[in-house]
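Working notes, structure below.
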Amino acid sequence: MCEASTTQPHEAMATAPRPAAAPAVDPITLEPVDEVRITTLVDNVFDALLTGDEHISRAPFHVATAPAAQFESGSTYVGLTAEHGFSALVTVRRGTIETTLLFDTGMSPGAMVGNADRLGVDLSAVRAVVLSHGHFDHAGGLAGMAGKRGVRTLPMVVHPLIWTRRRLNLPGKDPVEMPTLSKGALTREGFEVIERRHPSLLVDGSVLITGEVDRTTEFEHGMPPPHEAWTGAEWRHDPLVIDDQALVVHVRGQGLVVLTGCGHAGVINIIRHAQRLTGVDQLHALVGGLHLGGPAFEPIIPPTVAELTALNPSLVVSGHCTGWRAQHALAAALPAAWAPGSSGSSYRLTGLGTTA
């Protein structure tokens, strides 16, 4: 998936930057919120020894117990599940009103709901689901949500191309087709599927779903050739993962909080897109997967880190598919802002002049 090969002309054209005018033709008014809390339900890591502060809370190693006859008490402590996937709860507060959304659901059917149960998170309070893109490591936990939301229909915001069949065709290996989401199955489960290519506003205009992201940087070229999509007639290189979208919140007086799943559009492309849509220049926080791991993406770590450093965010939590080399680079470049991600961690960002 991360090995290089010769790029064909049509692939180069697909990944070339598309010019975007500085101001949006139809700018979006993103209503500021007094507070946003992002709780990571699933990430690639669970570290029970991480410490928190006034803005970050961590799940302890004794987050839950399980029967274990070999101990005198008859039980032992259990932690949280970590897997190659991502899922986060996003709670926004405006005054005294709080609304919770679910952004991505992890890879396996049981990890997200199991971690939520151990953390004491009530998934029935979720008002809508947002999927960053169609890859199975962000949508697998949907199977575990049955019965966790009560009997009501639950809106789900997705890009129309989230149903695309995809596979990994690594050199020297048999192609492996990824699980593909079924719109019919989700509808039968009680999800109200809302397909949008363009930006969407949720929670009374205080949460922005970016829709398709403009590709404007010179260095973020997307997925390497082994990542393929079915066109209806043949398998072809799918560099863009065009269904990739992010969630954005404007914290009052602080700036934008950007939440990514994998950041396939390129994290700098995503941030610029959010800035352009909203007219808000300040990046307050960046949380999620940045997809900078592996040989195909490690060459763009330096320009990505340089761009992020220039944006001067207050918090960077780079998890999931970011990769260890990028994690080290970000930690070195942004020591005051960078924080390690972990399943069960919660990040609380408050607006200026607001009270809890």
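Observations
- Between the exposed loop cleavage positions of the chain, defined as trypsin sites (Lys or Arg not before Pro) in a non-H, G, I, E, B DSSP state with at most 13 neighbouring beta-carbon atoms within 10 angstrom, the longest gap is 198-356.
- Cα centre as origin, Lys/Arg/Asp/Glu Cβ charges: the chain dipole, Debye: 500 debye
- The chain: most fluctuating residue of Ala339, Ala233, Ala82 per GNM, C-alpha cutoff 10 Å: Ala233
- Distant-in-sequence amide contacts of Thr65, defined by a placed amide H-H separation under 5 Å and a gap of 5 or more residues or a different chain, comprise Val78.
- On full extension, the segment bounded by His328 and Leu201 gains 42.3 nm, given 0.36 nm per residue less the C-alpha separation.
- Among Thr309, Thr210, Thr278: highest mean-square fluctuation, GNM of the chain, C-alpha pairs under 10 Å: Thr309
- GNM top mover of Gln245, Gln70, Gln282 - the chain, alpha-carbon springs below 10 Å: Gln70
- The chain - percent relative contact order, Cα under 8 Å, separation 6 or more: 22 percent
- Computed extension gain for Glu72 through Thr153, at 0.36 nm per residue and net of the alpha carbon distance, reaches 24.6 nm.
- For Leu41, the residues 5 or more places off, or on other chains, whose built amide H falls under 5 Å of its own are Ser87, Ala88, Leu89, Gly344.
- Positive-end ranking of Gly232, Gly261, Val157 along the dipole of the chain, with charges on Cβ about the Cα centre, is headed by Val157.
- Mean ellipticity per residue at 222 nm, deg cm²/dmol - from DSSP H runs of n ≥ 4 across the chain, formula -39500 (n - 2.57): -4500 deg cm²/dmol
- Spin-label model distance (nm) - Asp174 vs Asp53, 7 Å beyond Cα toward Cβ: 5.1 nm
- Residue-by-residue Karplus 3J(HN,Hα) for the range 117-134, coefficients 6.51, -1.76, 1.60, Hz, glycine and proline x: 4, 5, 7, x, 8, 8, 5, 5, 7, 5, 9, 6, 10, 10, 9, 5, 5, x
- Per-residue ³J(HN,Hα) for the range 77-94, Karplus 6.51 cos²θ - 1.76 cosθ + 1.60, θ = phi - 60°, Hz, x for Gly and Pro: 7, 10, x, 10, 7, 10, 7, 6, x, 8, 7, 8, 8, 10, 10, 10, 10, 10
- Of the residues Asp117, Asp43, the one with the fewest other Cβ atoms within 10 Å heads the list, and the complete ranking is Asp117, Asp43.
- Residue by residue, the range 295-308 carries 3J(HN,Hα) couplings of x, 6, 10, 4, x, 9, 4, x, x, 5, 5, 4, 5, 5 Hz when phi is fed to the Karplus relation 6.51 cos²θ - 1.76 cosθ + 1.60 (θ = phi - 60°); x denotes Gly or Pro.
Here, each number is a calculation from the coordinates, and none is a lab measurement. Nothing here was measured: the structure is a model prediction, and the numbers come from that model. Positions of Cβ are generated from backbone atoms using ideal geometry, with glycine treated the same way; all protein chains shown enter the neighbour counts.
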